[in-house]
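Colleague: First the structure, then my questions, so here it is.
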Amino acid sequence: TLFLWMFWPSFNSAIAEPGDKQCRAIVDTYFSLAACVLTDFAFSSLVEHRGKLNM
């Protein structure tokens, strides 16, 4: 997962036009990765019997 966090945004923005669109693709990818992590934590604590995080 560390590999994906480090290199996925640059891979995802490789086909975008250089400049603003490329930076925007990188930032959007980081935001989506962070949103997935937060959603996973929230859903995990809701589903777990004692409210603990379970990965």
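Colleague: Rounding to the nearest 20 debye, state how big the charge dipole of the chain is about its Cα centre with +1 on each Lys and Arg Cβ and -1 on each Asp and Glu Cβ.
Modeller: 180
Colleague: What do you get for trypsin sites (Lys or Arg not before Pro) in the chain restricted to DSSP loop and a cutoff of at most 16 other Cβ within 10 Å of the site's Cβ?
Modeller: Arg50, Lys52
Colleague: A follow-up question, please. Output ³J(HN,Hα) for the stretch 17-26: one whole-Hz value per residue in order, computed from phi by the Karplus curve 6.51 cos²θ - 1.76 cosθ + 1.60 with θ = phi - 60°, and x for Gly and Pro.
Modeller: 3J(HN,Hα) across the stretch 17-26, in whole Hz: 5, x, x, 5, 5, 5, 5, 5, 5, 5.
Colleague: Report the dimensions of the chain along its three principal axes from the alpha-carbon atoms, largest first, rounded to Å.
Modeller: Principal axes ranked by extent give 48, 19, 10 Å for the Cα atoms.
No lab work stands behind these numbers, since they all come straight from the coordinates. What you see is a predicted model; the values in this text were computed from it and never measured. Cβ sites come from the backbone with ideal geometry, for glycine too, and all protein chains shown count toward neighbours.
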